[in-house]
Every structure is written in C-alpha cells, then in structure tokens.
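The structure appears below as structure tokens.
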Amino acid sequence: MRSARALLPAAAVLLALAGCSAPAAEADPAEPADAEAPAETSAPSASAAGPASHWPSGAVAKRTGDIASLSLDGTTVATFSVEEISVDPSCTRADQAPSVNGHFIQLDLRVKTTAALEGTLDITAPAWSYVGDDGTVIGDVVGASATCLGLSKAMPTTVAAGETRNGAIVLDVPDAAGALILDLGGEQSWGYRF
C-alpha cells in the first residue's frame, strides 16, 4: 500500500505534463504580414508527397514554393524553399557528362540564413537523397550532377550567416518520378514529390 501511495504524486505530475503544449510559433518578421504561411505536417501524406511509408521517419512533406525552416536547438538558423523542380533539364555546361543514375533533376532554390547560423549551410546535392515510389532509396544523388549547370545559375556550395541566395542544384536520380529528401542535420528533414 505504501508503494502505491508513493506513485500517486508522480502519476499526478505526469498527467499534468501531458496536458502541456509548446507555445505557438511566432511569425517570421521577414515575411509579409499578409503572406499565408505554409502548413507544416508531422508526416508526409500520400496525396502530397507519394507513398509516405517509404519516407524517413519525421520527414515533412513540402510542395514547391512552401517555406521551410531549419532550427538548431530551437533557434531558426535558415529558411528555404524549393521554387521549381525540373526533370531532365537542359544542361548548360560544355563538359556535361550523361546522368550516372538515369535522370537529372534540377531544383531552383531560395535560401535565407539568419545571424544565428554558426559556420555555413550546405544545401547542395550531398544533403539530398532519393526515394522511389517502390521504396528504392538512393543516398548518393550526386552522380554526374556537377557537370550540368554553369556557375552563373548554380547555388553556391555554402551559404554563410545573414545571407540570401537563389540558385539551382542538380541531382542525379534513377527515375523521372519519386521524392527528394533534404536532411541538413537539424531537427527534421523535408520531402518534395516530383
């Protein structure tokens, strides 16, 4: 009987904590007040991003134009969006090599870092992976992608604190459809269906 009474205060604390929730996120002051913020979802939905069962746990489904935030230790260090996804784009480099995996996919990106970013942010091909509709996962989507775009159109390899950059990256993937997963080593990852 004594051990049951000792557990009652602990159970009461756990029940009280279960009702707690995190405070609502504040709007990004850099975004216009009338801009509609994209809704973040806890898991990708099959309609928005293909078969969710094949995605990494915790990946958030995004669509082109959606703004995503990278947070480290609860502090936003960058916001970014994939503005457009092009399958088998026209490559502009004279020394272009053919795709190693089958298809080039071009992502037009917009990245803005905050002063809270320590070091630099690399959002280029090594930060991405491919998930096919059949569950095929390709972690190395670099292939021959570096031979596709000229420097004038390419996203810089790193973005420093307080910078805004627009540019494109190219990934080398096996299929002309699937999902691209971005993992920047923060608290979550993001997926884009194409």
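Every read-out reported here was derived from the displayed coordinates using simple, explicitly stated rules and does not represent laboratory data. Owing to the predicted nature of the structure, the values given are computational and were not obtained by experimental measurement. Because the Cβ atoms are built from the backbone with ideal geometry, glycine has one as well, and the counts that use them run over all protein chains shown.
In this rough spin-label picture, where each label sits 7 Å from Cα along the Cβ direction, the Q96-S71 distance is 4.1 nm. All alpha carbon pair distances within the range 72-194 were sorted into 5 Å bins beginning at 0; the resulting P(r) in whole percents reads 2, 11, 22, 23, 19, 13, 7, 2, 0.
Segment E163..V87, full-extension length gain: 24.5 nm, with 0.36 nm per residue of separation and the alpha-carbon distance subtracted.
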